[in-house]
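Structure first, commentary second.
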Amino acid sequence: DYLNQEVAPGVTRRQREDDIKNQKILADIADLKAKPAAAAAIKAEERAYKEEQAKKVSDEKKMTSLNEIEDRRTNIIQNLDIVDKMIEDKGTWEAFGSHNQDLERLVDSVATDMAKLQDPTSVARPAEVDMIKNNLVKSGFKNSNATAQQILKNFKEEVHKRADNAYKIRGIAKPGGSVRLKNPRTGEVVEVPVGMEGGPKSEGFEVIQ
């Protein structure tokens, strides 16, 4: 009959069709096996991408907090140095000119930054600022210039303690050195604190010596 006809030496039409069917079945089985593996690979890639993005966001938040802490620390120390120089030159009070008002403005700025340094949620309410100002100097300070300057020196030590504690409050590690990274495509080089290189790495940067 038709199916028993040979289509090749020793191979009937039936055998040929059966071979074709078997090959299709095997291909379908392989395809079914591959689909779960492909789906798992896609899910793994998606998970890795989400984790990478989450770390990037976390690193960016940490960097923002770190910059905030160090900016406030720097502002406070710089203003304290200016106040110290003003007291050295003209004391805590002057009968004429803007010396008194300038000193009060700087002290107020120091106290405001200090309030925000101590508490990341602080809006520097007047009562909070006044409490800090009580530990500083003010125009017309009754003690000697040397005493006023010693108060500023002691306050600087407190600033550094508060800044270090601010890292703990915000849940981030105090920076201990830095890491240099380079984008091999653009040649751009950046320097970030140790432990925060994840963000640049996700954008193609590589650590360099």
Please report, as a whole percent, how much of the solvent-accessible surface of region 48-108 comes from carbon and sulfur atoms (probe radius 1.4 Å). 52 percent
Using a 1.4 Å probe on the protein chains only, how many percent of the accessible area of region 123-177 belongs to carbon and sulfur? 50 percent
Using only alpha carbon pairs under 8 Å that are at least six residues apart, calculate the relative contact order of the chain and give it in whole percent. 19 percent
First obtain the Kirkwood hydrodynamic radius of region 9-114 from its Cα pairs, then insert it into the Stokes-Einstein equation at 4 °C and 1.567 mPa s, and state the resulting D in µm² per second as a whole number. 61 µm²/s
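If you average 1/r over all unlike Cα pairs in region 108-152 and invert the result, what Kirkwood radius do you get in angstrom?
Numbers: mean 1/r = 0.0891 Å⁻¹.
Radius from the Kirkwood sum: 11.2 Å.
If a/c stays under 1.5 just call it rounded; otherwise compare a/b with b/c (prolate if a/b is bigger, oblate if not). Do that for region 77-193, with a ≥ b ≥ c from the square roots of the Cα gyration tensor eigenvalues. Before the final figure, lay out each step's value.
Details: a/c = 2.67, a/b = 1.98, b/c = 1.35.
Verdict is prolate for region 77-193.
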Express in Å², to the nearest 10, the accessible area of ILE29 obtained by rolling a 1.4 Å probe over the protein heavy atoms while all chains stay in place. 80 Å²
Which value results when the Cα radius of gyration for region 1-71 is divided by 2.2 N^0.38 Å? 2.61
For LYS133, LYS90, what's the largest-to-smallest order of accessible area, 1.4 Å probe? LYS90, LYS133
For the cross-link pairs LYS116/LYS161; LYS85/LYS161; LYS56/LYS174; LYS90/LYS153, which exceed 21 Å when the distance is taken from alpha carbon to alpha carbon? LYS85/LYS161
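Kindly report the accessible area of the chain per residue (heavy atoms of protein chains, probe 1.4 Å, no ligands, DNA or RNA), in Å². Intermediate results must be reported in sequence, preceding the final value.
On the way: 13720 Å² over 209 residues.
Accessible area per residue: 66 Å².
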Between THR12 and residues 5 or more places away or on another chain, the pairs with built amide H atoms under 5 Å apart involve VAL7
Starting from the coordinates of the alpha-carbon atoms of the chain, obtain the Kirkwood hydrodynamic radius over all distinct pairs and give the value in Å to one decimal. 23.3 Å
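The values are calculated or read from the model by the stated rules, or taken from the named source; none is laboratory data. What you are looking at is a predicted structure, and each value in this text was computed from that prediction instead of being measured. For accessibility, only protein heavy atoms count, side chains too; no ligands or nucleic acids. Shrake-Rupley method; radii C 1.70, N 1.55, O 1.52, S 1.80 Å.
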